[in-house]
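Structure first, then comments.
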Amino acid sequence: MARNAGFCFGVRRAVETAEKSAPAVTLGPIIHNPQVVESLEAIGVTSMNSPMQVPAGARVVIRSHGIGRAEQEALEAKGCEIIDATCPFVNRIHEMARRASEDGVPLIVIGEAEHPEVQGILGWTEGPAWAVMCEADIDALPPMERARVVAQTTMVEGRFRELCARLAERIGQLEVSATICTATRDRQQEVVDIAAKADVMLIIGGRQSSNSRKLYRLASDICRRTYFIETAAELDGIPIAPSDTIGITAGASTPDCIIKEVVARMNDIEKKVTPEENQELEVMSEEAIDKTIVQIRPGQIITGKVEMITDDEVCVNIGYKSDGIVKKSELSSTDVKEGDEIEVEVVKVNDGEGNVLLSQKNIINRKAWEEICAKEEAGEFVEGVGKEAVKGGLLADVEGIRTFIPASQLSLRYVEKIDEFVGQPMTLKIIEIDKAKKRIVSASSPPARPS
C-alpha cells in the first residue's frame, strides 16, 4: 500500500467544503471521481458546466482546480454566493499568472491545455499565454525573448524538467517556477518505488483524473502488469496469482472507501472465500490500510514534512489520513519552507473541518515549563522581562511563560508606577508554582530598581 494514496489536502478540503455547503452548485465536477460526484448530488450539490447555467443568487463552490477571472466575474455579476475551495497550490499559480500580466511577461503553462486547472491559470493573465505539453507544442510557439514558466500541479517532474530545457533553447530569459504540488512529487516517487517491487500494480482513480493517469503511466513503464481501475468491480477481469506481490496506489481524487473495497475484493478473488470469510477479510483489509496511517492523539509530538505554505498557515504531512495545519501564529519560527521536516504537537485531531490542528509553540512552551520547574526545585534564579502592569503587580515573561510578580515583591520601596518595570530585564526567584494550572508567582531578586 502506498502511504500517499487517496485524497490529498486540496481535494479533501474541496470535498468537505462542498458537503458542508449543500445545497450548492459546483462549476464542473468538484473532483474527477464519479463516485464522489454522485454522493454529492445525493445531498444537493449539483455540477454545472458554465456560469451561464448557474441560477442567479445560487451558492457556488469553486472546485479544487480553480476557475479563471472571467468565470468569477460572471458569477459575481449574478449575485452568487461564492465559496472558494481552490487548492492553495493552484491559487498561488493564479497569483503568478496575474503578476506576469502586470509585468508584461508572456506566460507558459506546462500542462494539459484542456484541463480545467490549466484553463483556470490561463484565465488569470491578460497578456500572451500558452499551454504546452510536448516538444511540438514548444516548437510551435512564436519567437519571444522572455517568458515565465509554471507547471500544472500534477505534472511529472522529470517531464517538466525536459520541457523546460527545450524552452530554454528557444527563449533567452526564462523564469521558471516549479509549481508541481509536493504531494504529487511524493506520490509519483512512491509509485515508482513500489512498481519496482511488484508483480501486479493497481492504480485506483477516476478515468478523467490527470494525476491518476500520470501514476498509471509511471507504473506501467516499470511493471508490465499494471492496471488502471476506477472501482473494485473491475478487479474481476484481472488475473492475480496467490504468489503475486501486489502494489496499490490511488490518485488524489480517490476516496478511502474505494481503496478499502479494492483490497477486500482482491482477497475475495484470490482466495475464492465465502461471504462470511470475505466479511472477515474486509475487516483485515481495513486494518492493513490503517496500519499505513499514523495513529495520533492530542498532546503527541510528531515529525512531519511541510507540504504547503499559505498566508495564514502551514500544511504538514504527518502520515495521517488528514494533513496537519499549523497556524503561523503557532510556529516557533517563520523561517520555514516547503520540504522542511518540523517537530509539531497535536492540539486537536479534528478541528471541526477535518484538519489536524498542530502547534510548534506548545513544544517550546512545554520545554520551557520543564526547565522552570527544574530551576524552582533546585532553588535557582530565572531571567525574565517585564511585560504588563496589572492589578496588584506585574506580569513578566520567563522563556515564553508568564509569571506574576506582586507589587510588594518588585522593589524595596513602594512602587507607585508599576508600568515603569515594563520592558525591564529582571532576575527572579520563584516563590510559588502551581504545576497543575501552570501558574507562577515570583519575586524580584535582588529587588529591582526601575530605570
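The values are calculated or read from the model by the stated rules, or taken from the named source; none is laboratory data. Because the structure is a prediction, the values reported are computed rather than measured. In this analysis, Cβ positions are derived from the backbone assuming ideal geometry, glycine residues included, and neighbour counts consider all displayed protein chains.
Below is a table of values for the structure above.
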quantity: Check on E343, more than 30 Å from R413 (Cα to Cα) and either in contact with a Gly (Cβ under 9 Å, 6 or more places away or on another chain) or surrounded by 18 or more Cβ atoms within 10 Å (Cβ to Cβ) (or both); calculated: yes
quantity: Filter pass, A389 being at pLDDT below 85, of a type outside the set (S, T, N, Q), in a strand (DSSP E or B) and crowded, with 16+ Cβ neighbours inside 10 Å; calculated: no
quantity: Of residues in the range 400-418 being surrounded by fewer than 17 Cβ atoms within 10 Å (Cβ to Cβ) and either over 44 Å from the mean Cα position of the chain (by Cα) or touching a residue at least 40 places away in the same chain (Cβ under 8 Å) (or both), the one nearest to E330 (Cα to Cα); calculated: P406
quantity: Filter pass, G120 being touching a helix residue (DSSP H, G or I) at 6+ places or on another chain (Cβ under 9 Å), without any contact (Cβ under 8 Å) to a residue 60 or more places away in the chain and part of a loop (DSSP other than H, G, I, E, B); calculated: no
quantity: Members of the range 189-205 that are surrounded by fewer than 24 Cβ atoms within 10 Å (Cβ to Cβ), touching a residue at least 40 places away in the same chain (Cβ under 8 Å) and within 25 Å of the chain's Cα centre (by Cα); calculated: E190, I194
quantity: Checking T334 against (1) surrounded by 17 or more Cβ atoms within 10 Å (Cβ to Cβ); (2) modelled with pLDDT under 85, the condition it does not meet; calculated: (1)
quantity: Test for M266: is it in contact with a helix residue (DSSP H, G or I) (Cβ under 7 Å, 6 or more places away or on another chain), modelled with pLDDT under 85, under 20 Å from I194 (Cα atoms) and of a type outside the set (S, T, N, Q); calculated: yes
quantity: Filter result for the condition that a residue is in contact with a strand residue (DSSP E or B) (Cβ under 8 Å, 6 or more places away or on another chain), of a type in the set (K, R) and more than 25 Å from C315 (Cβ to Cβ), over R146, R170; calculated: R146
